[in-house]
Amino acid sequence: MADPKGFLTTPREEWPRRPAGERVRDWDEVYVPGALLPIVGRQADRCMDCGVPFCHEACPLGNLIPEWNDLVSRSDWRAASERLHATNNFPEFTGRLCPAPCEAGCVLAINQPAVTIKNVECAIADTAWEEGFVPPLPPERLSGRTVAVIGSGPAGLAAAQQLTRAGHTVAVYERDDRIGGLLRYGIPAFKMEKRHLERRVGQMRAEGTRFRTSAAVGRDVDAAALRTRYDAVVIATGATAWRELTVPGRELAGVHQAMEYLPLANRVCEGDLERSPLSAAGRHVVVVGGGDTGADCLGTAVREGAASVTQLDIYARPGAERDERAEPWPTYPRLYRLSAAHEEARDLRSAPAADADARLFAASTLRFTGDERGHVRALHLVGVDTGRRPLPGSERSLPADLVLLALGFSGPDRHDGLVDGLGLDMEPRGTITRDRGFATNVPGVFAAGDAARGQSLVVWAIAEGRAVAAAVDRHLSGGSTRLPAPVGPYDRPMTA
């Protein structure tokens, strides 16, 4: 390590955000442009270069974190980029979107604020693009084998890039009109501007990956015919079957799923629409669900000019410190965290009925009521204890012209015809069945990412994409591969 005492002398400092009142007037990323590089070298110095770096184990990609921290502290950006890209195809995605389980596993985090691993990663990725350190890497020779990848989210893109670089001819099928999956239409631009996605897709095109948009396999493209056309097929469609809220009044107009709402806002940013038909402008908005998707809805509604916006979380408000008995280091703890969207709602007082940051904790939805035209006008809720049992006397109502359900996803959507068209076996929980080699019950068909794992993090999706690429390459080459496989299909995050 460059500074043996850095972890003792330098405090944690994170990439500063623009003022809330400024950033909600646009859809640009929330961080202060150019403010990361001046601090990231000092933050990299805080890395202790541990003998047993638990950040490796906490990250499913196995990122070589101490190595590129040391290189950044020495301003060797080219070498840092090489070490970072050795394990991660898309660090500019994870550096912006991943909740950083690596930081929870940082040895320094035992008794001090962790190294800002995520910020260092983002700085390396951005500098690498600016300095031209990530040129296309087309294969030296082609194998003559063909692969179809269904889905262009992080798992599908990672699998496609790895297989293309291995010499196979890869075509990515995407049901939407643009490449990216949830990275394109699910993640708001204020969390990741789409230029980062466009840049990677351009790199992949230059390497030889082919893309087929507006091609929903199972609906627009016959699934069985596709299987016969390619030597192997990778299913990476994500978990698109959203969970429902079965309470009285669910049928009222104005109650929508988060993934009906967020793509329309993203299309406005893409220039496809002048105004979203589900715009929150002037409306009282309630978001049901306390996760990241709910926070994305919150930040989007604030930018659209909602009259108020409140987020409901069925869990009790977590503490600010790790519970060492329930969630010991190096597991990822459930802590009270203030995302950019919650910070905006707090500073702008967007949720007068909620806690300071727009969230109502330990709250469960009872029913919706509407007006004579059948449009939702109120959400009725009740406070719950840790067992989710209603607390007597805690019922209340919130004004609601627009309700957004952000309750998570169970697996791939069975209505698009892909699963049935291929005859895939499914798990009881709604995901695609696969063996230890990522193979489904259909010969030559593999599954990766949320479609088979279930709803997870972007870093797990990329890790699965890399791992399934190794499995497919082994299948096509007759038993051997040089591609890395960072995770197995049954691996799970560290838990107590």
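The values are calculated or read from the model by the stated rules, or taken from the named source; none is laboratory data. The model shown is predicted, which means the values in this text are computed figures rather than measured ones. Here Cβ is always computed from backbone atoms with ideal geometry, including for glycine, and neighbour counts include all displayed protein chains. For accessibility, only protein heavy atoms count, side chains too; no ligands or nucleic acids. Shrake-Rupley method; radii C 1.70, N 1.55, O 1.52, S 1.80 Å.
Yes/no per residue for (1) within 22 Å of the chain's Cα centre (by Cα); (2) β-branched (Val, Ile, Thr); (3) part of a loop (DSSP other than H, G, I, E, B):
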residue	(1), (2), (3)
GLU13	no, no, yes
ASP26	yes, no, yes
GLU29	yes, no, yes
ARG42	no, no, no
MET48	no, no, yes
GLY51	no, no, yes
GLU57	yes, no, no
GLY62	yes, no, yes
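From the list ARG482, ARG434, the lone residue that is assigned by the TED database to the domain that holds MET192 and at pLDDT 95 or above is ARG434.
Does VAL309 fit the bill of being at pLDDT 95 or above and touching a Cys at 6+ places or on another chain (Cβ under 9 Å)?
On the way: at pLDDT 95 or above: yes; touching a Cys at 6+ places or on another chain (Cβ under 9 Å): yes.
Against the criterion (at pLDDT 95 or above and touching a Cys at 6+ places or on another chain (Cβ under 9 Å)), VAL309 qualifies.
When GLU92 is tested against (1) open to solvent by less than 10 Å² (accessible area, probe 1.4 Å); (2) not in a helix (DSSP H, G or I), just one condition goes unmet, and that condition is (2).
Check whether at least one residue in region 173-185 is more than 19 Å from the chain's Cα centre (by Cα), open to solvent by less than 10 Å² (accessible area, probe 1.4 Å), modelled with pLDDT of 95 or more and of a type in the set (Val, Ile, Thr), and report yes or no. Checked against the condition, which is being more than 19 Å from the chain's Cα centre (by Cα), open to solvent by less than 10 Å² (accessible area, probe 1.4 Å), modelled with pLDDT of 95 or more and of a type in the set (Val, Ile, Thr), region 173-185 yields no hits at all. ALA326 satisfies every condition listed in (1) modelled with pLDDT under 95; (2) surrounded by 14 or more Cβ atoms within 10 Å (Cβ to Cβ) except (2). Note on region 184-221: among residues that are of a type in the set (D, E, K, R) and part of a helix (DSSP H, G or I), the one that is nearest to LEU457 (Cα to Cα) is ARG184.
Filter region 329-338 down to residues that are open to solvent by 50 Å² or more (accessible area, probe 1.4 Å) and of a type in the set (Ser, Thr, Tyr) and give me whichever is nearest to the chain's Cα centre (by Cα). By that ranking, first place goes to TYR332. Of all residue pairs spaced 6 or more apart or on separate chains, those with beta-carbon atoms under 8 Å, a first member in region 215-244 that is within 12 Å of ASP416 (Cβ to Cβ) and touching a residue at least 60 places away in the same chain (Cβ under 8 Å) and a second member that is among the β-branched types (Val, Ile, Thr) and assigned to a strand (DSSP E or B) are VAL217/ILE150; ALA223/VAL217; ILE235/ILE150; ILE235/ILE432; ILE235/VAL445; THR237/ILE150. Among the residues making up region 340-374, those that are in a strand (DSSP E or B) and either of a type in the set (D, E, K, R) or out of contact with any Ser or Thr (no Cβ under 7 Å at 6 or more places or on another chain) (or both) are ARG359, PHE361, ALA363, SER364, THR365, LEU366, ARG367, PHE368, THR369, GLY370. Could you list all residues from region 339-356 that are under 30 Å from ARG389 (Cα atoms), surrounded by 13 or more Cβ atoms within 10 Å (Cβ to Cβ) and not polar (S, T, N, Q)? If the condition is that a residue be under 30 Å from ARG389 (Cα atoms), surrounded by 13 or more Cβ atoms within 10 Å (Cβ to Cβ) and not polar (S, T, N, Q), then ALA341, HIS342, GLU343, ALA345, ARG346, ALA351, ALA353, ALA354, ASP355 are the ones that fit. Looking only at residues that are open to solvent by less than 40 Å² (accessible area, probe 1.4 Å) and not in a loop (DSSP other than H, G, I, E, B) in region 226-257, which one is nearest to ARG466 (Cα to Cα)? Looking at residues that are open to solvent by less than 40 Å² (accessible area, probe 1.4 Å) and not in a loop (DSSP other than H, G, I, E, B), I get VAL234.
Within region 338-358, at least one residue is assigned by the TED database to the domain that holds GLU274, in contact with a Phe, Trp or Tyr (Cβ under 8 Å, 6 or more places away or on another chain) and among the acidic types (Asp, Glu).
Would you be able to say whether some residue in region 387-400 is surrounded by fewer than 18 Cβ atoms within 10 Å (Cβ to Cβ) and in contact with a helix residue (DSSP H, G or I) (Cβ under 9 Å, 6 or more places away or on another chain)?
no
None of GLY180, GLY156 is small (Gly, Ala, Ser), in a helix (DSSP H, G or I) and either in contact (Cβ under 8 Å) with a residue 12 or more places away in the chain or touching a Lys or Arg at 6+ places or on another chain (Cβ under 9 Å) (or both) except GLY156. If you filter region 427-447 down to residues that are in contact with a Ser or Thr (Cβ under 6 Å, 6 or more places away or on another chain) and without any contact (Cβ under 8 Å) to a residue 60 or more places away in the chain, you find that the one that is least open to solvent (accessible area, probe 1.4 Å) is ARG434. Could you go through region 264-286 and let me know if any residue there is under 25 Å from VAL172 (Cβ atoms), open to solvent by 10 Å² or more (accessible area, probe 1.4 Å) and among the acidic types (Asp, Glu). Checked against the condition, which is being under 25 Å from VAL172 (Cβ atoms), open to solvent by 10 Å² or more (accessible area, probe 1.4 Å) and among the acidic types (Asp, Glu), region 264-286 yields at least one hit.
Annotation for region 448-459: no member residue is over 24 Å from the mean Cα position of the chain (by Cα) and either outside the structural domain of ALA166 (by the TED database) or within 28 Å of GLY144 (Cα to Cα) (or both). Here LEU404 meets the list (1) over 27 Å from ALA281 (Cα atoms); (2) touching a Cys at 6+ places or on another chain (Cβ under 7 Å) almost entirely, failing just condition (1). Do we have VAL403 as closer than 17 Å to ARG250 by Cα, under 24 Å from the mean Cα position of the chain (by Cα) and not assigned by the TED database to the domain that holds ALA58 here? Judged against the criteria, VAL403 is a match.
Here GLY51 fulfils each of the conditions (1) open to solvent by 40 Å² or more (accessible area, probe 1.4 Å); (2) farther than 21 Å from VAL458 by Cβ; (3) modelled with pLDDT of 95 or more apart from (3).
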